[in-house]
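Have a look at the structure below before the remarks.
The values are calculated or read from the model by the stated rules, or taken from the named source; none is laboratory data. Every value quoted in this text rests on a predicted model; they were computed, and no experiment measured them. So basically every Cβ, Gly included, is an ideal-geometry build from the backbone, and we count neighbours across all protein chains shown. Ligands, DNA and RNA are stripped out before the accessible areas are found, and what is left, the full protein with its side chains, is counted by its heavy atoms. Shrake-Rupley method; radii C 1.70, N 1.55, O 1.52, S 1.80 Å.
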Amino acid sequence: MQPLDYLKETASQTAGPYVHIGLAPAAAGFDIFDKNFGPNPATPEAEGEQITVEGVVRDGTGAPIKDVLIEVWQADATGAYAQGATGPFTGWGRIVSDFETGEWAFDTIKPGPAKGRGGHGLMAPHISFWIVARGINLGLNTRMYFEDEGAANDADPVLNLIEQEHRRATLIAQRSERGGKPIYRFDIRVQGDGETVFFDI
Amino acid sequence: MAPLDELYPRDREWQPPALTPDYKTSLSRSPAYPLLSLQNSVSETTGPVFGHDMLGPLDNDLLHNYAAPGESAIGQRIIVHGRVLDENGRPLPGTLVEFWQANAGGRYRHRKDTYLAPIDPNFGGCGRAITDAEGRYHFRTVKPAPYPWRNWVNNWRPAHIHFSIFGHAFAQRLITQMYFEGDPLIWACPIVKSIPDERAIEQLIAPLDMNATVPLDTMAYKFDIVLRGTRSTLFENRLEGN
């Protein structure tokens, strides 16, 4: 038999406790690059509703994961992904938690509904999350949806794949306001009560 | 919008599982429920792209990118180079590669690292590069040292360099670690052994590359990185409206 000549994906290894040195040196405590990546997928000049997203990532014991690093990727207000954009909206951000509390936050605009798989229908507005930290061998993927998009969430093809309906709520951020600005709270539970649904994408 | 280039599913028997009890921290940081398998949508097949305007001229020279003028990091001078490919063997041009490491004594420049080996005032320990048209990257640094870590009473990490790679799709995002040929600590490390397949571990070990050394100056190691490949659909029953 002929061998298949595909290569194998490089195996993942944990980001470790010092991931900030490479990916967010200011958080590690030093300044080295002229230009650094920030947490916000959109600036205040971007088109769309300006929002803040915040939360804590907790481990199986309920303790905050204080050394977590999160990257997010989202569509713009019209539901389009801005791959390669350099303007006020890039759609991507890299977020570091507070080392004392584990709280993290970023500012962005609320995404619009993107086309679903194969261009069919629409997915409810959502933000894709990638979560790495010490003790996580392979980055965890999940999505954040919006509480105030009930009808779109009810029709979302991904949320509807979650067999246990009560677990869908683990992906839906709760809306409130602070100083007139919408805040979406998205707490992530890696393991244990209310464990967040994670995806193999 | 770019066409939907679906990725080969991740080989879950090749990648480390979330729960690897010998690496103790994974016990409370691993989901207990299975991952929900998703077929790709545009949310997974697109991803950020970064331009060369992000990079400074010394970003891939760790010997000098944190050193005082006229100074250089202390340690064995090495070049690390290689290519970023996909599973089809195609080079991935224009992708951001970031790297970080301990210094030649095994100490990280991080407010949380308290190991007694000294900080090198001329070594930051991080850098980045964007792959060229053939998927190549390279950087210059010092060889990092092994260091102890709290897991069992007496665990030492093999010398390693951390890598972060983007690819072109959010679902290709990868963080890994590069090890060095001949290091006896590799096969004793619970983090390395989170990977179930020895061939996958071998793929993380960079060989000494004498062809890439600079005589009388710098040793070299070669480290190729493979990201998930893109599926070319030969036949497809297209859904209505697609």
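Applying D = kT/(6 pi eta Rh) to segment A:1-64, where Rh is the Kirkwood radius over alpha-carbon pairs, T corresponds to 4 °C and eta to 1.567 mPa s, the Stokes-Einstein value obtained is 77 µm²/s. Its Cα centre serving as origin, segment A:38-189 has a Cβ charge dipole (Lys and Arg +1, Asp and Glu -1) of approximately 340 debye.
Exceedance of the 31 Å cut-off in Cα-Cα distance is limited, within the set A:K35/B:K193; B:K112/B:K193; A:K8/A:K110; B:K193/B:K222; A:K181/B:K24, to A:K35/B:K193; A:K8/A:K110; A:K181/B:K24.
How big is the Cα convex hull of the protein assembly as shown in projection, averaged over all directions, in nm²? Convex hull of Cα atoms, orientation-averaged projection: 23.0 nm². Farthest towards the positive end of the charge dipole of chain B, among the residues B:G127, B:V226, B:Y115, is the Cα of B:Y115, using unit charges on the Cβ of Lys, Arg, Asp and Glu. Based on C-alpha pairs under 8 angstrom that are at least 6 apart in sequence, chain B has a relative contact order of 26 percent.
Taking every pair of distinct Cα atoms and averaging 1/r, then inverting, what Kirkwood hydrodynamic radius in Å comes out for segment A:1-108? When all Cα pairs of segment A:1-108 are included, the Kirkwood radius is 16.2 Å.
Reducing segment B:1-79 and segment B:113-180 to their Cα centroids gives an inter-centroid distance of 11 Å.
Panel note: the C-alpha atoms of segment A:133-187, placed on their principal axes, show extents of 40, 30, 15 Å (largest first). Taken as Cα centroids, segment A:76-136 and segment A:20-54 sit 13 Å apart, rounded to the nearest whole angstrom. Dipole size of chain B about its Cα centre, with +1 on Lys/Arg Cβ and -1 on Asp/Glu Cβ: approximately 780 debye, rounded to the nearest 20. Here the simple spin-label model places points 7 Å from the Cα toward Cβ, and for A:D154 and B:R231 these points are separated by 3.2 nm. Shown here for segment B:128-234: chymotrypsin sites (Phe, Trp or Tyr not before Pro) in loop regions (DSSP other than H, G, I, E, B) with at most 16 other Cβ atoms within 10 Å, namely B:W152. A DSSP coil position with no more than 15 other Cβ atoms inside 10 Å describes the following chymotrypsin sites (Phe, Trp or Tyr not before Pro) in segment A:16-113: A:F99. Taking the Cα centre of the protein assembly as shown as reference, the dipole from Cβ charges on Lys and Arg (+1) and Asp and Glu (-1) amounts to some 840 debye. Sorted into 5 angstrom bins from 0, the C-alpha pair distances of chain B split as 1, 6, 11, 15, 17, 16, 14, 9, 5, 2, 1, 1, 0, 0 percent. Once the Cα-Cα distance is subtracted from the 0.36 nm per residue extended length, the A:E165 to A:H120 segment shows a gain of 13.9 nm.
Loop-located GluC sites (Glu not before Pro) across segment B:62-156 with a Cβ neighbour count of 13 or fewer within 10 Å are B:E134, with loop assigned by DSSP. Toward the positive end of the charge dipole of the protein assembly as shown, with +1 on the Cβ of Lys and Arg and -1 on the Cβ of Asp and Glu, the farthest Cα among A:G112, B:C189, A:A11 is that of B:C189. Just so you know, the Rg over Rh for chain A is 0.98, from Cα atoms, with Rh as the Kirkwood radius. Taken across both chains, chains B and A shield about 7600 Å² of accessible surface from a 1.4 Å probe.
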